[in-house]
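Asker: Next up is a structure, given as structure tokens.
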Amino acid sequence: MNRIEEKFSELKANNKKALITFVTAGDTTLEVTKKLVREMEIQGADIIELGIPYSDPIAEGPVIQAANERALKNPIKIKDVMDTVKEIRTEVKVPLVYLLYFNCIFQYGPEKFFSHCSKCGIDGVIIPDLPFEERGEIEDIADKYSVHIITLVSPTSKDRIERIARNAKGFLYCVSSLGVTGMRSEFNTDFDEFFSYIDRFTDIPKALGFGISTPEHVQKLRKYCDGLIVGSAIVRQVEKSTGEEEIIKNVGNLVRELRYALDD
Amino acid sequence: MSIQRKGRFGEFGGQYVPETLMNALIELEEAYNKYKDDDDFKKELEFYFKEYAGRPSLLYFAERMTKDLGGAKIYLKREDLNHTGSHKINNVLGQALLAKRMGKKRVIAETGAGQHGVATATAAALFDLECDVFMGKEDMERQALNVFRMRLLGAEVHPVTSGTATLKDATSEAMREWVSRVNDTFYVLGSVVGPHPYPAMVRDFQSIIGNEVKDQIMDKEGRYPDYLIACVGGGSNAMGLFYPFLHDTEVKMVGTEAAGEGIDTEKHAASITKGSIGVLHGMKSYFLQDKDGQITPVYSISAGLDYPGIGPEHAHFYESERAQYVPVTDNEAVEAFKYLTRVEGIIPAIESSHAVAYAMKIAPQLPKNKIIVINLSGRGDKDVYSVARYMGVDINE
């Protein structure tokens, strides 16, 4: 059992839902990332996603695109992120998941990549541009190192949901609505229908993401799933804050509010 | 559980896209497979090719150029004479008719030089479709005339400022837009790139070029040519010319890549000559990238070749040695642009000038009984400003 399964069973035992948070690694520096991960854990994040900055993040909206550009100005290498995660892991207990684009794994070398993930304490990877059909290329390698490939389903997945859900590992990443990542004012998806369909095929924990940005969203949506994923709203706090201290404080405040809303 | 991997050319191609797009690609593939052999669809497409785009395009014997270079006979496939001024209209008419069959009311497109954007806006006007075009902000400045043409045609042109603000980023932005409105929107991709089924579908629509050349050269010479030469960015005009000759192995195929200021500088867009295998925009192919997989900025005088990758079937042609890919610099392309204009009275697109330049290199070394066909993929009116700038001539009043 890797840390993701442990976390979800612990939450279930306590009748709680998962708060999954995201920051882009190296935005604004890897030192800030280290402190942010620690702070988010303290304020109640259950699983933390680290985005590996990429030149062409096609699934991201403007907020995370800008974070990628800020991080790449440094310039930041995947090896540096791995080293930082290794340090983070000595202080942080929550599951850590990478969000990255397939080309980064492909160039790093899948074998080396997953072996390093495992050594540094990464529990899963989310690869937005690797649909179910293409993951055979790395699936066995990821399994070998016990790193879960977290798969996504979206409201347009329809008849694809069965295959994806049955084969999901760690948790199933459920995309809230059409479009790229980023804050939304409303959701047009029929979540009752979406989740009851998914439930026909799997017992795996389901986390809902894309556009969830406020405590109100969290309260409204928590009943549908086992966890909620908040990304752009956190990155937005990084973007608008000046200086390390303010970044940590503002992100910490948001995560605390989200935690409160989720448990309330 | 293993699933048959679709849309592969050797190891290249595939469907590396967000889950939200997968069913849309599957629907597109089904619709394409249904209509590509449908008589009504084929008839309608033929009608628009002939009556609207002006096909077949001419295969012109460039007699003065041939004599001047003193070697192989040179023919020009005049895609520049098509309506809207380039080969792009072939693919766009095909995709727009498909969009209509699929009941889509809105088309989106990416564009670099603006030729594909203009072609898409044209088809949208003709078939009464809503049209949004994504174009890098830098390209909008380089190709202001095409931006205005698109707007006149009723399209909305969205400047893309992310990344390098060129074709690569316009493509990413068009894909993001498609993810947002996948239900009512048809993405008209402009080259033999992107996720399956685009590389195969665009190739098929562009194959009219090579199929016509086969008939035309048989009429004129009674045999197939020895060389086919075409420029490659994503590679749609080259694939359209090459593909029908795939099994005619005596016909050599040469794709010319943009070498910009030279392949030993950082300012080029030669994906095969200088790139490595990677994944971007839904496909596995050759890309210019660093060791971490970050796509590196590219450069070419030609906005249409200014792309850090190449279509997956070209990557396969390269690996299997069916075709050869050679770099041509800005300087060589500009010289060819001026040369063809002076010798034949034909102003070629700066993209196509890359192909002309390579023909100028090899023709003199070949015997007179050899035949070269150059794909003149577009006309050069749009490039007059940038060539003048390159030559240091100020043509602004």
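The values are calculated or read from the model by the stated rules, or taken from the named source; none is laboratory data. Note that the coordinates shown come from a computational prediction; the quantities given were computed from them, not determined experimentally. Every residue, glycine as well, gets a Cβ built from its backbone with ideal geometry; the counts of neighbours run over all protein chains shown.
Asker: Only one of (1) within 14 Å of another protein chain (Cβ to nearest Cβ); (2) closer than 25 Å to B:GLU130 by Cα; (3) not polar (S, T, N, Q) is not met by B:PHE41, so which one is it?
Answerer: (1)
Asker: While we're looking at this one, here's another question. Whether any residue in the stretch A:203-222 is in contact with a Ser or Thr (Cβ under 9 Å, 6 or more places away or on another chain), of a type in the set (Phe, Trp, Tyr), part of a loop (DSSP other than H, G, I, E, B) and crowded, with 22+ Cβ neighbours inside 10 Å is what I want to check.
Answerer: yes
Asker: Could you list all residues from the stretch A:185-195 that are surrounded by fewer than 17 Cβ atoms within 10 Å (Cβ to Cβ) and not in a helix (DSSP H, G or I)?
Answerer: Residues satisfying the conditions are A:SER185, A:GLU186, A:ASN188, A:ASP190.
Asker: Given B:GLU51, B:GLU27, which one is loosely packed, with under 15 Cβ neighbours inside 10 Å and within 13 Å of another protein chain (Cβ to nearest Cβ)?
Answerer: Within the list B:GLU51, B:GLU27, the selection yields B:GLU27.
Asker: Can you tell me which condition B:LYS77 does not meet? The list is (1) outside any helix (DSSP H, G or I); (2) over 19 Å from B:SER377 (Cα atoms), and all the others hold.
Answerer: All conditions are met except number (2).
Asker: Just for the stretch A:39-61: of the residues that are away from every other protein chain (no Cβ under 14 Å) and assigned to a loop (DSSP other than H, G, I, E, B), which one is surrounded by the most Cβ atoms within 10 Å (Cβ to Cβ)?
Answerer: A:ALA45
Asker: Looking only at the stretch B:287-299, which residues are in contact with a helix residue (DSSP H, G or I) (Cβ under 7 Å, 6 or more places away or on another chain) and in contact (Cβ under 8 Å) with a residue 60 or more places away in the chain?
Answerer: B:ILE295
Asker: Restricting the search to the stretch B:353-389, which residues are in contact with a Phe, Trp or Tyr (Cβ under 9 Å, 6 or more places away or on another chain), over 23 Å from B:ARG223 (Cα atoms) and in a helix (DSSP H, G or I)?
Answerer: Result: B:SER353, B:ALA357, B:ASP383, B:VAL387.
Asker: Starting from residues that are at the interface with chain B (Cβ under 9 Å from one of its Cβ atoms) and either of a type in the set (S, T, N, Q) or in contact with a Leu (Cβ under 7 Å, 6 or more places away or on another chain) (or both), keep the ones in the stretch A:77-104 and report whichever is nearest to A:PHE132 (Cα to Cα).
Answerer: Selected residue: A:PHE102.
Asker: Out of the residues in the stretch B:296-314 that are within 14 Å of another protein chain (Cβ to nearest Cβ) and buried (at least 24 other Cβ atoms within 10 Å of the Cβ), state the one that is farthest from B:MET201 (Cα to Cα).
Answerer: In this case the residue turns out to be B:VAL298.
Asker: Only residues that are over 22 Å from A:ILE149 (Cβ atoms) and surrounded by 14 or more Cβ atoms within 10 Å (Cβ to Cβ): list them for the stretch A:70-82, please.
Answerer: Within the stretch A:70-82, A:ARG70, A:ALA71, A:LEU72, A:ASN74, A:ILE76, A:LYS77, A:ASP80 qualify.
Asker: Still on this structure: Going through B:GLY262, B:GLY240 one at a time, which residue ends up being under 30 Å from B:MET140 (Cβ atoms), away from chain A (no Cβ under 14 Å) and buried (at least 24 other Cβ atoms within 10 Å of the Cβ)?
Answerer: Unique residue meeting the criteria: B:GLY240.
Asker: Another question, then. Sort through B:VAL373, B:VAL334, B:VAL356 and tell me the only one that's of a type outside the set (Phe, Trp, Tyr) and surrounded by fewer than 24 Cβ atoms within 10 Å (Cβ to Cβ). Give the steps one after another, and end with the answer.
Answerer: On the way: B:VAL373 fails: surrounded by fewer than 24 Cβ atoms within 10 Å (Cβ to Cβ); B:VAL356 fails: surrounded by fewer than 24 Cβ atoms within 10 Å (Cβ to Cβ).
Within the list B:VAL373, B:VAL334, B:VAL356, the selection yields B:VAL334.
Asker: Given the options A:LEU19, A:LEU36, name the one that is assigned to a helix (DSSP H, G or I), of a type outside the set (Lys, Arg) and surrounded by 24 or more Cβ atoms within 10 Å (Cβ to Cβ).
Answerer: That would be A:LEU36, the only listed residue that is assigned to a helix (DSSP H, G or I), of a type outside the set (Lys, Arg) and surrounded by 24 or more Cβ atoms within 10 Å (Cβ to Cβ).
Asker: Also, I was wondering about something else. Pairs only if they're at least six apart or on different chains, beta carbon under 7 angstrom, first in the stretch B:170-184 and within 7 Å of another protein chain (Cβ to nearest Cβ), second buried (at least 23 other Cβ atoms within 10 Å of the Cβ) and among the polar types (S, T, N, Q); list them, first residue then second.
Answerer: Close Cβ pairs satisfying both conditions: B:VAL179/B:THR20; B:VAL182/B:THR20.
Asker: Listed residues B:ALA230, B:ALA155, B:ALA200, B:ALA170; which is over 17 Å from the mean Cα position of the chain (by Cα) and either of a type in the set (Gly, Ala, Ser) or surrounded by 24 or more Cβ atoms within 10 Å (Cβ to Cβ) (or both)?
Answerer: Numbers: B:ALA230 fails: over 17 Å from the mean Cα position of the chain (by Cα); B:ALA200 fails: over 17 Å from the mean Cα position of the chain (by Cα); B:ALA170 fails: over 17 Å from the mean Cα position of the chain (by Cα).
Only one candidate qualifies: B:ALA155.
Asker: Considering only the stretch A:234-243, I want to know if a residue exists there that is over 15 Å from A:GLY182 (Cα atoms), at pLDDT 95 or above and under 17 Å from the mean Cα position of the chain (by Cα).
Answerer: Looking through the stretch A:234-243, none of the residues is over 15 Å from A:GLY182 (Cα atoms), at pLDDT 95 or above and under 17 Å from the mean Cα position of the chain (by Cα).
Asker: Continuing with this model, one more query. Give me the residue from the stretch A:105-125 that is under 29 Å from A:THR156 (Cα atoms) and buried (at least 23 other Cβ atoms within 10 Å of the Cβ) and, out of that set, nearest to the other protein chains (Cβ to nearest Cβ).
Answerer: Top of the filtered list is A:ILE105.
Asker: How many residues, within the stretch A:224-256, are assigned to a helix (DSSP H, G or I), in contact (Cβ under 8 Å) with a residue 40 or more places away in the chain and under 11 Å from A:SER213 (Cβ atoms)?
Answerer: Within the stretch A:224-256, residues that are assigned to a helix (DSSP H, G or I), in contact (Cβ under 8 Å) with a residue 40 or more places away in the chain and under 11 Å from A:SER213 (Cβ atoms) number 5.
Asker: Let me ask you something else. Which of the residues spanning the stretch B:95-127 are assigned to a strand (DSSP E or B) and crowded, with 24+ Cβ neighbours inside 10 Å?
Answerer: Taking the stretch B:95-127 as the starting set, the residues that turn out to be assigned to a strand (DSSP E or B) are B:106-111.
Listed by number, the residues that qualify are B:VAL107, B:ILE108, B:ALA109, B:GLU110, B:THR111.
Asker: Another question about this same structure. Within the stretch B:178-263, which strands (runs of 3 or more DSSP E) (wholly inside it) include 1 or more residues that are in contact with a Cys (Cβ under 7 Å, 6 or more places away or on another chain)?
Answerer: Those strands (runs of 3 or more DSSP E) span B:252-260.
Asker: State which residue is surrounded by the fewest Cβ atoms within 10 Å (Cβ to Cβ) when the search covers only the stretch B:265-284 and only residues that are outside any helix (DSSP H, G or I) and more than 11 Å from chain A (Cβ to nearest Cβ).
Answerer: That would be B:THR265.
Asker: Which condition does A:PRO53 not pass, out of (1) touching a helix residue (DSSP H, G or I) at 6+ places or on another chain (Cβ under 7 Å); (2) more than 24 Å from A:THR214 (Cα to Cα); (3) at pLDDT below 95, if it passes all the others?
Answerer: Status for A:PRO53: all satisfied but (3).
Asker: Being within 13 Å of chain A (Cβ to nearest Cβ), outside any loop (DSSP other than H, G, I, E, B) and of a type in the set (S, T, N, Q): is that true of B:SER162 here?
Answerer: Numbers: within 13 Å of chain A (Cβ to nearest Cβ): yes; outside any loop (DSSP other than H, G, I, E, B): no; of a type in the set (S, T, N, Q): yes.
No; evaluated as a whole, the condition is false for this residue.
Asker: Filter the stretch A:22-33 down to the residues that are out of contact with any strand residue (DSSP E or B) (no Cβ under 8 Å at 6 or more places or on another chain), surrounded by 19 or more Cβ atoms within 10 Å (Cβ to Cβ) and closer than 12 Å to A:ILE248 by Cβ and list them by number.
Answerer: Answer for the stretch A:22-33, where residues must be out of contact with any strand residue (DSSP E or B) (no Cβ under 8 Å at 6 or more places or on another chain), surrounded by 19 or more Cβ atoms within 10 Å (Cβ to Cβ) and closer than 12 Å to A:ILE248 by Cβ: A:THR28, A:VAL32.
Asker: Same structure again: Check off (1) over 22 Å from A:ALA59 (Cα atoms); (2) away from chain B (no Cβ under 14 Å); (3) not in a loop (DSSP other than H, G, I, E, B) for A:ILE198 and give me the number that stays unchecked.
Answerer: A:ILE198 satisfies every listed condition except (2).
Results for (1) within 11 Å of chain B (Cβ to nearest Cβ); (2) surrounded by fewer than 18 Cβ atoms within 10 Å (Cβ to Cβ); (3) among the basic types (Lys, Arg), shown as yes or no for each residue.
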position	(1), (2), (3)
A:ASP140	yes, yes, no
A:LEU152	yes, no, no
A:ASP159	yes, yes, no
A:ARG163	yes, yes, yes
A:TYR173	yes, no, no
A:GLY179	yes, no, no
